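Here the structure is laid out as structure tokens; the discussion comes afterwards.
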Amino acid sequence: MKTYYQILLLLPVLILSSTRFGAAQHTKNEVEKSIDRDAMPARALSLINQFWKEPKKADFYRQSDGEMISYEVKLNWEDHPYSIEFDASGSLIDVEQLIEFEELPHALRNTITEEINNQYTTFRLTRVQRQFSAFENDDDEVLKKILEEDFEDLLIRYEIEIDGHNKTELGSFEMLFDENGNLIQKRKIVRRSLDNIW
Amino acid sequence: MDFMKCKALLAVAILYPVCAFSQQADLIWNPELSYSWKSSDRLGFNTKLSVFNSIRDFDNEAAIRYIEPQFTFSYGLSAGTKIGGGYYYRLSTPMVDGYQYEHRFLQQVGFISYLGDRRLAHRLRLEQRVRSSSYQNRLRYRLSYDFPLEGEKLDPGEKYLIVKDEMMTAFNKDEADAENRASVGLGWYFNSKQKFEVGLQYRTQDVFSDGGISHLFLVSTSYYLNR
């Protein structure tokens, strides 16, 4: 019996030691870590404070894909959740606003729905975000325009996540549309394995 | 959720029932090794080796209660719906003379929904247990929920919490009984291909039995590998 238990106890140790090697090979994966407010770049914090005046509830994250580091603030503003992304120096990358699909103009909704319909036999929208970024504006100018809902001179895109399937594909997908509803990019969302809950 | 609060909750959830029933309940340690792979977006396979060890019989030949090699497959009907089936073989008390076996066939359907990186899964399973001495059907329903403990997204190197509850009824032409299995577990997500879970399961067994309800605590250590 002793040998049996020695093997059983040793097995996880052997697997765990090999895992360290395996994990090191996946450092290029995008990793998001929750951080304190103080760990944000000073310029990013200054921009946030200038417009949101110490928001009551905000979450701060540091993202890394192995090469590029970025910082993200998630907060609620005027009934919409916002995600504001900065680069390592604190310059604004983009602002994403979580919205309902019904908030989009009717014609745009039809164009987007038609495009998704062409690609999938069955689909369900799971998340819609309006993405704002600058053509040439300063960072504070971009935030100011978003707060004032003056979207002229801003680059607007729509990031739409769906669950869908057709003859060859099944799963969750992220589709990026321009402001006229033209599909710019599509990528599959890689979900975690279901082996522990299925 | 605050990580320290989660740890405190987990400790209470584990220690309270263990302390309350440890004198009368059966105690099992269940190491598992699971390997999964997909041949397409829709079709997935899983093999698992599961061993049930009696902690009370740790020092004698009855220590190994069951050894279970398992094989299951799943087919995705949609992004959130799967059907599947499989086969388990159970060898009971292999170290003791007069061991028994069981062939188990299963059919199941599952519904999975996502809220960010939090996952809620319903599973309905039907089993046919062909034992060396009897036959039994089993109908099981399980609700599982897992979520990251650090941030909104579960990234490599982070931990997650998983809670499950499963209700089941076992029946054949002569008798019927019911069981509930509540469990809580802490997982280490190393990367998309490997994770490790430690869990505690509390089983309320023989609900309809004349002899009264029996209790079982099962400590699981599960290692999951994916291709």
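About its Cα centre, the dipole of the protein assembly as shown is roughly 2320 debye, where the only charges are +1 on Lys and Arg Cβ and -1 on Asp and Glu Cβ. Of the cross-linked pairs A:Lys144/B:Lys159; A:Lys186/B:Lys164; B:Lys164/B:Lys193; B:Lys82/B:Lys153; A:Lys167/B:Lys164; A:Lys186/B:Lys38, those separated by over 27 Å at the C-alpha level are A:Lys144/B:Lys159; A:Lys186/B:Lys164; A:Lys167/B:Lys164. Between B:Asp117, B:Asp59, B:Asp177, the GNM of chain B built on Cα springs shorter than 10 angstrom shows B:Asp59 fluctuating the most.
Shape annotation for the protein assembly as shown: C-alpha extents along the principal axes are 81, 46, 40 Å, from largest to smallest. The residue list B:Pro156, B:Leu106, B:Tyr135 was ranked by how far each Cα lies along the charge dipole of the protein assembly as shown toward its positive end, using unit charges on Cβ atoms, and B:Tyr135 comes out on top.
Computed from backbone phi with θ = phi - 60° and the Karplus coefficients 6.51, -1.76 and 1.60, the 3J(HN,Hα) list for region A:148-165 is 8, 6, 9, 8, 5, 6, 10, 7, 10, 9, 10, 9, 10, 9, 9, 9, x, 8 Hz; x is used for glycine and proline. Residues whose amide H comes within less than 5 Å of that of B:Ile28, counting only those at least five positions distant or on another chain, are B:Ile55, B:Phe217, B:Leu218, B:Val219 (H built at 1.01 Å from N in the peptide plane).
Structural descriptor for region B:117-227: relative contact order 18 percent, calculated from alpha carbon pairs under 8 angstrom and at least 6 residues apart.
Solvent-accessible area of A:Met68, all protein chains in place: 100 Å² (probe radius 1.4 Å, heavy atoms, ligands and nucleic acids excluded).
Considering only alpha-carbon pairs that sit under 8 angstrom and 6 or more positions apart, the relative contact order computed for chain B is 17 percent.
Remark: accessible surface ordering of A:Lys33, B:Lys173 (largest first) is B:Lys173, A:Lys33, probe radius 1.4 Å. Peptide B:73-84 has a mean shielding of 4, counted as Cβ atoms of other protein chains within 10 Å of each residue's Cβ. Within the assembled protein chains, the solvent-accessible surface assigned to A:His106 is about 120 Å², based on a 1.4 Å probe.
Sorting A:Tyr158, B:Tyr141 by solvent-accessible area of protein heavy atoms yields B:Tyr141, A:Tyr158, largest first, with a 1.4 Å probe. Between B:Leu120 and A:Arg109, what FRET efficiency comes out of the Förster formula 1/(1 + (r/R0)^6) with R0 = 25 Å and r the beta carbon distance, rounded to 0.05? Calculated transfer efficiency: 0.30. For region B:109-125, backbone phi angles converted through the Karplus equation (6.51, -1.76, 1.60; θ = phi - 60°) give residue-by-residue couplings of 9, x, 10, 10, 10, 10, 10, x, 9, 8, 10, 10, 10, 9, 9, 10, 10 Hz, Gly and Pro being listed as x.
Would you please state the base-10 log of I(q)/I(0) at q = 0.21 1/Å for region B:96-145, with intensities from the Debye formula using one equal scatterer on every alpha carbon? Values, matching the q order: -0.76. Protein-only accessible surface at a 1.4 angstrom probe places the residues B:Val184, B:Val198 in the order B:Val198, B:Val184, largest first. Note on B:Tyr141/A:Phe151: beta-carbon distance plugged into 1/(1 + (r/R0)^6) with R0 of 60 Å gives a FRET efficiency of 0.80. Accessible surface for A:Glu179 stands near 100 Å², nearest 10, in the context of the full protein assembly shown (1.4 Å probe). Relative contact order, whole percent, for region A:38-104 stands at 26, derived from Cα pairs under 8 Å and 6 or more residues apart.
3J(HN,Hα) along region A:180-189, derived from phi through the Karplus expression 6.51 cos²θ - 1.76 cosθ + 1.60 where θ = phi - 60°, amounts to 9, x, 7, 6, 9, 8, 9, 9, 7, 8 Hz, with x in place of Gly and Pro. Entry note, chain B: the mean residue ellipticity at 222 nm calculated from DSSP H runs of n ≥ 4, each adding -39500 (n - 2.57), is -3000 deg cm²/dmol after division by the residues and rounding to the nearest 500.
For chain B, with equal point scatterers placed on the C-alpha atoms only and solvent neglected, what are the log10 I(q)/I(0) values from the Debye formula at q = 0.08, 0.15, 0.18 1/Å, to two decimals? Listed by q, the Debye log ratios stand at -0.32, -1.21, -1.75.
The values are calculated or read from the model by the stated rules, or taken from the named source; none is laboratory data. Everything quoted here is computed from the prediction, not taken from an experiment. Ideal geometry is used to build each Cβ from the backbone, glycine not excepted, and the neighbour counts take in all protein chains shown. With ligands, DNA and RNA removed, areas are computed over all heavy atoms of the protein, side chains included. Shrake-Rupley method; radii C 1.70, N 1.55, O 1.52, S 1.80 Å.
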